[in-house]
Amino acid sequence: MPELIKRYGLPIFLIVLSVIVVFVSLRDWSKGSEFRDGAINSRINNYVIFTTAFEQLIEKGDLYTVHPEKHFDIYKYSPTFAFFMAPFYYAPVWLGLPIWNLLNVLILYLGLRMLPELDRKKVLIVLFILGMELVGSVMNEQSNGLMAGLIVLSIALMERQKVFWAMALLVGSVYIKLFSLVFLSMLFFYPNFIRNSLIVVFWILFYAFIPALVTGWEQLMALYKSWGYLLAFDHSSSVGYSVLGILDSWFNAHPDKFYLVFAGLVLSMTPLLKAKNFMRREFRYDFMSMLLIWVIIFNHKAESPAFVIAMTGIGIWYVTGERTRLKNYLLIFAIFFISIGFSDLMPKLVREAFFYRYSLKALPGIVIWGWLVYRLMTTDYKHQKGVHVVE
């Protein structure tokens, strides 16, 4: 039986996950839409927002205003992301929606498979760890699985010395959600920093200006200005399932968001001082895992579907390096409070009175992030396997 699981477990799990994704997509699409609360609303509202953004782009409208005749809520991503949603805009929803959701699954799977030293068994374990969160993200037609996949795949390509395409994916993810900018700090881990930085600049400019093909220069500049206003306003609202959410619900404390996030960023970047560890692959994987958790727990807008990103970090951390009793306990802690506690497996009364109210989804991430920062700063990785990817 263990041999069968080792050989067939991963493809079976992936097939089952893909079937679930397609079923959920078509089920939600079939529910249609209705006019509610002053706007058209549907079960696939996020997907409608994404695809409608391309329509606004080619019609030279403002992406960042309300469009109640199309959908509820406001588009909050870059003009570049709207540009690359063109195929989904032109595809019928019954086809485009399952493909979009499958893309979130398959890019993440590909990123995990491409990571050196992650064999089929380890990839299966990581997918099992993050499975519930991935399905939850897909059920909301979110881009979180795609974000986790692009980040992991970019690092996997860096490990394989494919810098040009690694940066194409990583910088591209920045134009979906800005928080992936922090992963550019991993450029310090690889040779030819100046060359790699020039590649980053190339992709930043490429993604920034490619929407001008359909908008024109002046309209694109106006869109970036409007996006900037939206982000500035958005920063002032909500605390999410985050460090801020814990401080608010537990202690009624409301520290300045900027200074709290800055402090968390400084702590997360302190391992960069341990340059002698950069050549060790386990250090690089621990650092990536730590950042995958950080971008969620310090995000004041962190919603439940976003935690597939944090769970990706937790999963990679769990299967790489030495397996210890502490790791096992922390993994159980994470699965229970992040996934099970916020699912239908937990009675609704308990979920609302305990897990929702006290933002407990963020708690395991905070603990594991803190532990990883401590480990990265205090552990000598020289006895670990894995050397620099390039001489």
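The values are calculated or read from the model by the stated rules, or taken from the named source; none is laboratory data. On a predicted model such as this, the values are computed, not experimentally measured, just so you know. Neighbour counts run over all protein chains shown; Cβ positions are idealised from the backbone, glycine included.
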Residue check for residue 362: in contact with a Phe, Trp or Tyr (Cβ under 9 Å, 6 or more places away or on another chain) and assigned to a helix (DSSP H, G or I) = yes
Residue count, region 93-147, condition in contact (Cβ under 8 Å) with a residue 60 or more places away in the chain, more than 20 Å from residue 291 (Cβ to Cβ) and small (Gly, Ala, Ser), comes to 2
Considering only region 26-51, how many residues are surrounded by fewer than 20 Cβ atoms within 10 Å (Cβ to Cβ) and without any contact (Cβ under 8 Å) to a residue 24 or more places away in the chain?
-> 8
Of all the helices (runs of 4 or more DSSP H) wholly in region 266-348, which have at least 1 residues that are more than 20 Å from the chain's Cα centre (by Cα) and farther than 28 Å from residue 184 by Cα?
-> 325-334
If we scan region 250-264, do we find a residue that is within 21 Å of residue 179 (Cβ to Cβ), in a helix (DSSP H, G or I), in contact (Cβ under 8 Å) with a residue 60 or more places away in the chain and touching a Phe, Trp or Tyr at 6+ places or on another chain (Cβ under 8 Å)?
-> no
Test residue 290 against the criterion of being farther than 24 Å from residue 74 by Cβ, crowded, with 20+ Cβ neighbours inside 10 Å and out of contact with any Pro (no Cβ under 6 Å at 6 or more places or on another chain), and give yes or no.
-> yes
Could you please find all residues in region 172-208 being among the charged types (D, E, K, R) and buried (at least 21 other Cβ atoms within 10 Å of the Cβ)?
-> 177
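Suppose we filter 88, 23, 81 for residues that are surrounded by 20 or more Cβ atoms within 10 Å (Cβ to Cβ) and either at pLDDT 90 or above or aromatic (Phe, Trp, Tyr) (or both); which single one remains?
On the way: 88 fails: surrounded by 20 or more Cβ atoms within 10 Å (Cβ to Cβ); 23 fails: surrounded by 20 or more Cβ atoms within 10 Å (Cβ to Cβ).
Exactly one of 88, 23, 81 is surrounded by 20 or more Cβ atoms within 10 Å (Cβ to Cβ) and either at pLDDT 90 or above or aromatic (Phe, Trp, Tyr) (or both), namely 81.
Hey, among 137, 143, 180, which residue is closer than 23 Å to residue 282 by Cα and within 16 Å of the chain's Cα centre (by Cα)? Write out each step before concluding.
On the way: 137 fails: closer than 23 Å to residue 282 by Cα; 143 fails: closer than 23 Å to residue 282 by Cα.
Only one candidate qualifies: 180.
So that you can scan it fast, the table gives a plain yes or no per residue for (1) of a type in the set (Lys, Arg); (2) modelled with pLDDT under 95:
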site	(1), (2)
120	yes, yes
140	no, yes
151	no, no
159	no, no
168	no, no
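Residue-by-condition table, conditions (1) of a type outside the set (D, E, K, R); (2) outside any helix (DSSP H, G or I); (3) surrounded by fewer than 19 Cβ atoms within 10 Å (Cβ to Cβ):
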site: 94; (1), (2), (3): yes, no, yes
site: 106; (1), (2), (3): yes, no, yes
site: 112; (1), (2), (3): yes, no, no
site: 124; (1), (2), (3): yes, no, no
site: 133; (1), (2), (3): no, no, no
site: 136; (1), (2), (3): yes, no, no
site: 145; (1), (2), (3): yes, no, no
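Is there a residue in region 262-278 that is more than 27 Å from residue 377 (Cα to Cα) and aliphatic (A, V, I, L, M)?
Within region 262-278, not a single residue is more than 27 Å from residue 377 (Cα to Cα) and aliphatic (A, V, I, L, M).
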